[in-house]
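Since every read-out is calculated from the coordinates, none of them should be taken as a lab result. These numbers were taken from a predicted model, which means no experiment stands behind them. Because the Cβ atoms are built from the backbone with ideal geometry, glycine has one as well, and the counts that use them run over all protein chains shown.
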Amino acid sequence: MSVTIATINVNGIRAAVKERSATNRGLLPWLADTPADIVLLQEVRATEVQAREALAPALDTGWQLVMAEAAAKGRAGVGILSRLPLTPIQVGIPGFEESGRFISARIVLGDDQAGGPTDATDITVASVYIPTGGTGTAKQDEKYFFLDSLEDTMAEMVATAADDPAQPYALVAGDWNICHAPQDLKNFATNKKKAGCLPDERAFMDAIFGTFPDAQSQVESHGDFFGAVDYPGAGTPRPKRQPATNPQWFDVARRLEPESAPYTWWTYRGHAFDTDAGWRIDVQAVTAALMEKAVSTVVDKADAWENRWSDHAPLLVAYDLL
């Protein structure tokens, strides 16, 4: 059985579904045409009622939606759309239960024609929206707190998979708001002191994914993962992060396309899209068992600036689970 999973920061679901022109008809036609069986959404920026209203035409055709909205109205919000049966598992992570930044679900991969279970294994998928942060501000502390909690949550997911060999597949995908390496953005030199490209943030990615395809880390000297305001004072700081030598999670696009892994986000300012001055900040992270099943990846980039319905482009990965 093959399954295609997409992740996309929609930059506001109600805006994304709008038909802007004859050539930019928005998210809904994309959902009708995409080969994806599962679509992970970030920055929904709507209540579940509003999201369901915006997505009604897609839901009427069989898409199912589970969602975690943010307590702060009009901010964040994540969701999972699936053509396959799904069961919600977890909303939020410790310390961020109502932030609208994490939701996971178990996807049922199907039954055989006789009505019994197939040999296909179900898969746990999570949509994550990591805070943007802000160099030298409390927003960066929030981001570091979130990364701490996310790291623990992902470790628990790996442990759960190890305890149940029949369910080894897990995926955490979404807008990570971090460029792992210099090749993950067009203009590294001018951005390396900005949130999303800071050494401490990139060291976190090293700790999760290792340094592949490089033999050693490209992260310059970094600190003790301190923020800007109160992060160091909130208990004992974690040990300085080191690159994983035996990673439990794998960045699928980087593994499948070590020399390219194209950009997924371009600012609306200036001519960034036209000059491909982008950032690769949307990531599908998978456990080793699922990495072995990854077949191909593509960024479904709009053919022109005026045909974009988000400042991000969908990242799709096909998995062959036979």
Candidates P168, P239, P94; GNM for the chain (alpha-carbon contacts under 10 Å) flags as most fluctuating P239
Inter-part gap, Cα centre of region 274-295 to Cα centre of region 297-322, in whole angstrom, is 11 Å
Relative contact order of region 36-186 (C-alpha contacts under 8 Å, at least 6 apart) in percent is 20 percent
Around I281 (Cβ within 10 Å, Cβ-to-Cβ, excluding I281; K/R +1, D/E -1) the net charge comes to -2
Summing -39500 (n - 2.57) over every DSSP H run of at least 4 in the chain, dividing by its residue total and rounding to the nearest 500, the 222 nm mean residue ellipticity is -6000 deg cm²/dmol
When Y268, Y144 are ranked with the fewest other C-beta atoms within 10 Å first, the list becomes Y268, Y144
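Which number comes out as Rg/Rh for the chain once both Rg and the Kirkwood Rh are worked out on C-alpha atoms? The partial results should precede the final answer.
Details: Rg = 18.9 Å, Rh = 20.0 Å.
Checking Rg against Rh, the ratio lands at 0.95.
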Under 26 Å between C-alpha atoms, the lysine pairs in the chain lying 8 or more places apart or on different chains count 22
Rounded to whole Å, √(5λ) for the Cα gyration tensor eigenvalues of region 32-167, largest first, gives 29, 21, 10
Pseudo-spin-label distance R255 to Y268, built 7 Å along Cα→Cβ, given in nm, is 3.6 nm
Least to most buried among F96, F250, by other C-beta atoms within 10 Å and fewest first, runs F96, F250
Taking placed amide H atoms and a strict 5 Å upper bound, the residues 5 or more places from I123 or on another chain that come that close are I107, L109
Dividing the mean separation of Cα pairs under 8 Å (6+ apart) by the residue count of the chain yields a relative contact order in percent of 19 percent
Diffing region 33-41: the Karplus 3J(HN,Hα) column from phi (6.51, -1.76, 1.60, θ = phi - 60°), in whole Hz with x for Gly and Pro, holds 9, 5, x, 5, 8, 9, 10, 9, 10
